[in-house]
Amino acid sequence: MAYGLLKGKKGIISGALDEHSLAWKIALKCHEEGAKFVLTNAPVALRMGTLQTLADRCQARIIPADATSVSDLEKVWKESQEILGGKIDFVLHSIGMSPNVRKGRSYGDLNYEWFLKTLDISALSFHKLLQTAEQQDAIAEYGSVVALSYMAAQRVFPDYSDMSQAKVMLESIARSYGYRYGKLRKVRVNTVSQSPTRTTAGTGVGDFDSFYEYADQMSPLGNASAEACADYVVTLFSDLTRSVTMQNLYHDGGFSAVGITPEILERLKEGR
Ligand SMILES: NC(=O)c1ccc[n+]([C@@H]2O[C@H](COP(=O)([O-])OP(=O)(O)OC[C@H]3O[C@@H](n4cnc5c(N)ncnc54)[C@H](O)[C@@H]3O)[C@@H](O)[C@H]2O)c1
């Protein structure tokens, strides 16, 4: 059911690669709720993925941009405002990639060039996105910016490797820039810490299926789906959350507050 929560709002949505992407579901929901937006992704992803299908469904234009390139991001802000006809009300940062995870390097054998790449793509890009926006005064008053994070910023999940450090930095940028942009233009900046979800980035983490199942059993509501994530992010883009900023918001079915569950204890007993 649609509520018209984003009627008249203009947005930028990054990171939709294919129909499994969190950004893909969020874009569909934003469209359903009445928003107009542009889609952006890295040029290589545009060649590999199926973004045009989503663009057609949402009547959205695509602006290719590598999120590590300041000049590409400047172009995203300039062209988005031209296409949509004014300042931007909401922005989704849904970008993450670790060459170390992708190439299976262990945490004791990281390639540092790749580590820097992980941080640049998955965290620094968020600062670059916000700084280029501020320089063009491109976000409307009470605009809302959301980036997607994961609990490995707070707790150790060994297979998440250097992406853990990237998520710590991402959440810290949300606080620091949230303060700055709040003072400047009343712009909100938050991160949403999502349950494990079957996407290209998600399933790239080692032994994803067991990881997924464990989180599901540890969460009283079960893992939060990509569709539920889209619902939640829409509320953060809407006017209903105008005083929420600088937060890392868990969207994980309760996982982050649970210590142990009877189901997991039972499984351990069975294994003895
Ligand atoms: N899937 C999960 O389990 C999960 C859980 C919590 C948080 N997240 C986060 O959600 C976000 C989206 O990931 P997803 O799970 O939807 O997977 P996904 O693979 O569908 O999305 C990742 C996106 O990042 C884009 N990207 C990579 N390098 C880029 C660059 N240089 N410039 C621009 N874009 C670039 C990719 O093209 C892709 O569209 C990521 O930040 C991820 O860490 C995912």
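Values in this text are rule-based calculations from the coordinates and carry no lab data. Owing to the predicted nature of the structure, the values given are computational and were not obtained by experimental measurement. So basically every Cβ, Gly included, is an ideal-geometry build from the backbone, and we count neighbours across all protein chains shown.
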### Query
With axes computed from alpha carbons, what is the tilt in degrees of helix 208-217 against the longest principal axis of the chain, rounded to the nearest 10 within 0 to 90?
80 degrees
### Message
If amide hydrogens are placed 1.01 Å from N in the peptide plane, which non-local residues have theirs closer than 5 Å to the one on Phe37?
### Response
Gly11
### Task
Using only Cα atoms, tell me the angle between helix 163-185 and the longest principal axis of the chain; keep it within 0 to 90° and round to the nearest 10.
30 degrees
### Summary
In whole Hz, the Karplus estimates of ³J(HN,Hα) for the stretch 234-244 (6.51, -1.76, 1.60; θ = phi - 60°; x where Gly or Pro) are 4, 5, 6, 7, 7, 6, 7, 10, 5, 10, 9
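Count neighbours as other Cβ atoms within 10 Å of each site's Cβ, and list the trypsin sites (Lys or Arg not before Pro) in the stretch 103-189 that are DSSP loop with at most 12 such neighbours.
Those that pass, being in a loop and sparsely packed, are Lys103, Arg155.
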#### Entry: Whole-number percent relative contact order across the chain, with pairs defined as alpha carbons under 8 Å at least 6 apart
19 percent
## Note on the structure
With label points set 7 Å from each Cα along the Cα-to-Cβ direction at Tyr179 and Asp56, the distance between them in nm comes to 4.8 nm
## Note on the structure
Relative contact order in percent for the stretch 59-140 (Cα pairs under 8 Å, 6+ apart) equals 42 percent
### Query
Between Phe208 and Val44, how many nm apart are label points set 7 Å from Cα along the C-beta direction?
1.8 nm
### Query
In debye, nearest 20: dipole of the chain around its Cα centre with unit charges on the Cβ of K, R (+) and D, E (-)?
700 debye
### Message
I'd like the FRET efficiency for Tyr142 and Glu227, computed as 1/(1 + (r/R0)^6) with the beta carbon distance as r and R0 of 41 Å, rounded to 0.05.
### Response
0.95
### Task
Would you list which lysines come within 30 Å of Lys87, measuring only between C-alpha atoms, while excluding same-chain residues fewer than 8 positions from it?
Lys7, Lys9, Lys10, Lys25, Lys29, Lys36, Lys75, Lys78, Lys128, Lys167, Lys183, Lys186
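Stokes-Einstein D for the chain at 4 °C, 1.567 mPa s, Kirkwood Rh over Cα pairs, in µm²/s?
Values: Rh = 18.9 Å.
Approximately 69 µm²/s, per Stokes-Einstein.
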### Task
Using Cα positions and a limit of under 16 Å, work out the lysines in reach of Lys103, with same-chain residues fewer than 8 apart set aside.
Lys117
### Message
Can you give the FRET efficiency to the nearest 0.05 for Val244 and Gln135, using r as the Cβ-Cβ distance and R₀ = 35 Å?
### Response
0.90
### Acute angle (nearest 10 degrees) that the helix 22-32 long axis makes with the longest principal axis of the chain, alpha-carbon atoms
50 degrees
